[in-house]
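*Asks:* One structure, pasted below without further comment.
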Amino acid sequence: MAPRYYWKGYLKLSLVTCPVAMTPATSESEKVRFHTLNKDTGNRVVSQYVDSITGKPVKDENEAKGYARGENDYIILTDDDLDRVALDTVKTIDIDKFVPAESIEWVYLEKPHYLMPDDAVGNEAFAVIRDAMKSDGVVGVSKLVMGRRERAVILEPRDQGIVLWSLRYGDEVRPEESYFEDIDDEADPDLVPLVQKLIKQKSAHWSSDMVSDPIQTSLLKLIEEKRKALKPKKAAKGKAAEAAPTSNVVNIMDALRKSVQADLKGRKAG
């Protein structure tokens, strides 16, 4: 199946321009989603805009954006009005600056998108920009209108393509110092080797299975059970809660030693 593109436009660097297409790198389409129903009839519930004064439904063609300038006093803007003030970044990713790839702090990265050439003619220009960034270890900084909002973005070369990350604005990021300042600067040097042993014993190659969603699996199982039974079954009684520890005070040295020993025993038993 041919990919469905979220956005199409142009990638521009000085006088070099090529047509590109973009699609989100992540998707939630596989998530279990629910419709709101009328429990008595089983029919779907629909929502619609209604006039707050008359209470009458508003047709789609009569909807407009309103900027409040006072109580119940708005300046109305239509889609045509908004299109007239569209920025150049609606259709063009113009790379303005380059910065070292490692200089972008992780907390600014918001959402990844795959960027690729949109036709064979633009392939060469795209590849040249990609490989030049890759060779110099830099990412491109630009802006792009996404959802009628201009966002700062970076372009990161990745394999044969480019990953475009939308960025959070500076006022959206909380400084970490405010939250980490009361934490000890250094750990007990006698404890670090024990944790390192645990890390080594539990180390593995990354797999997407490590971030699977057990809730989705359980929901799908529940839905299938209900489909087969056509009526809900009584939930089984849960197991009695385990007794709470008599104290929350734990000797971390003993706990780490026991963790290392238990992990080793488990590996030998396996």
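*Asks:* Between Val211 and Leu109, what is the FRET efficiency for a Förster distance of 30 Å, r being their Cβ-Cβ separation, to the nearest 0.05? Provide the component values of the computation, followed by the final result.
*Replies:* Working: r = 17 Å, r/R0 = 0.57.
For R0 = 30 Å, the calculated efficiency reads 0.95.
*Asks:* Can you give me the Kirkwood hydrodynamic radius for region 122-164, using every pair of distinct Cα atoms, in Å to one decimal? Display every interim value, and only then the final one.
*Replies:* On the way: mean 1/r = 0.0902 Å⁻¹.
When all Cα pairs of region 122-164 are included, the Kirkwood radius is 11.1 Å.
*Asks:* Filter Lys8/Lys65; Lys31/Lys202; Lys91/Lys111 down to the pairs with a C-alpha to C-alpha distance above 22 Å, please.
*Replies:* Lys8/Lys65; Lys31/Lys202
*Asks:* Starting from the exponent 0.38 and prefactor 2.2 Å, build the expected Rg for region 7-49 from its residue count and divide its actual Cα Rg by it.
*Replies:* So region 7-49 has a normalised radius of gyration of 2.29.
*Asks:* How much of Asp159 can a 1.4 Å solvent probe reach, expressed as accessible area in Å² and rounded to 10?
*Replies:* 100
*Asks:* Taking just the alpha-carbon atoms of the chain, what radius of gyration and Dmax come out, in angstrom?
*Replies:* 27.5, 75
*Asks:* Within 14 Å, Cβ to Cβ, of Leu194, how many net charges do the neighbouring residues add up to if Lys/Arg are +1 and Asp/Glu are -1?
*Replies:* Details: positive: Lys197, Lys200, Lys202, Arg257, Lys258; negative: Asp188, Asp190, Asp254, Asp263.
Overall, the nearby charge balance is +1.
*Asks:* Counting heavy atoms of the protein chains only and a 1.4 Å probe, report the per residue accessible area for region 110-157 as a whole number of Å².
*Replies:* 49
*Asks:* Can I ask one more? Measure off, as a whole percent, the carbon and sulfur share of the 1.4 Å-probe accessible area of the chain, all protein chains present.
*Replies:* Working: 11970 of 22430 Å².
Reported share for carbon and sulfur atoms: 53 percent.
*Asks:* Which order do you get for Ser47, Ser166, Ser208 if you rank them by accessible area with a 1.4 Å probe, largest at the top?
*Replies:* Largest to smallest exposure gives the sequence Ser47, Ser208, Ser166.
*Asks:* Another one. Considering only protein heavy atoms, what is the solvent-accessible area of Tyr67 at a probe of 1.4 Å, reported in Å² to the nearest 10?
*Replies:* 150
*Asks:* What value, in deg cm²/dmol to 500, does the helix sum -39500 (n - 2.57) over DSSP H runs of n ≥ 4 give at 222 nm once divided by the residues of the chain? Before the final figure, lay out the partial values.
*Replies:* On the way: 6 runs with 69 residues, N = 270.
The helix-only estimate for the chain comes to -8000 deg cm²/dmol at 222 nm.
*Asks:* Suppose each label sits 7 Å from its Cα in the direction of the beta carbon; what would the Glu181-Lys226 distance come out to in nanometres?
*Replies:* Rounded to a tenth, the inter-label distance reads 4.9 nm.
*Asks:* Among 28-38, 102-112, what's the highest-first ranking by average C-beta atoms within 10 angstrom per residue?
*Replies:* Put in order of decreasing packing, that is 102-112, 28-38.
*Asks:* If you count, for each residue, the other Cβ atoms within 10 Å and average over each peptide, how do 94-101, 68-75, 179-186 line up from highest to lowest?
*Replies:* Most protected by this proxy first, the peptides run 94-101, 68-75, 179-186.
*Asks:* Report the normalised scattering of region 38-136 as log10 I(q)/I(0) at q = 0.12, 0.13, 0.20, 0.23 Å⁻¹, calculated by the Debye formula with identical scatterers on the alpha carbons.
*Replies:* -0.82, -0.86, -1.18, -1.36
The values are calculated or read from the model by the stated rules, or taken from the named source; none is laboratory data. Just so it is clear, the structure is predicted and the values come from calculations on it, not from any experiment. No Cβ is skipped: glycine too gets one built from the backbone with ideal geometry, and neighbour counts run over all protein chains shown. Calculation scope for accessible area: heavy atoms of the full protein, side chains included, ligands and nucleic acids excluded. Shrake-Rupley method; radii C 1.70, N 1.55, O 1.52, S 1.80 Å.
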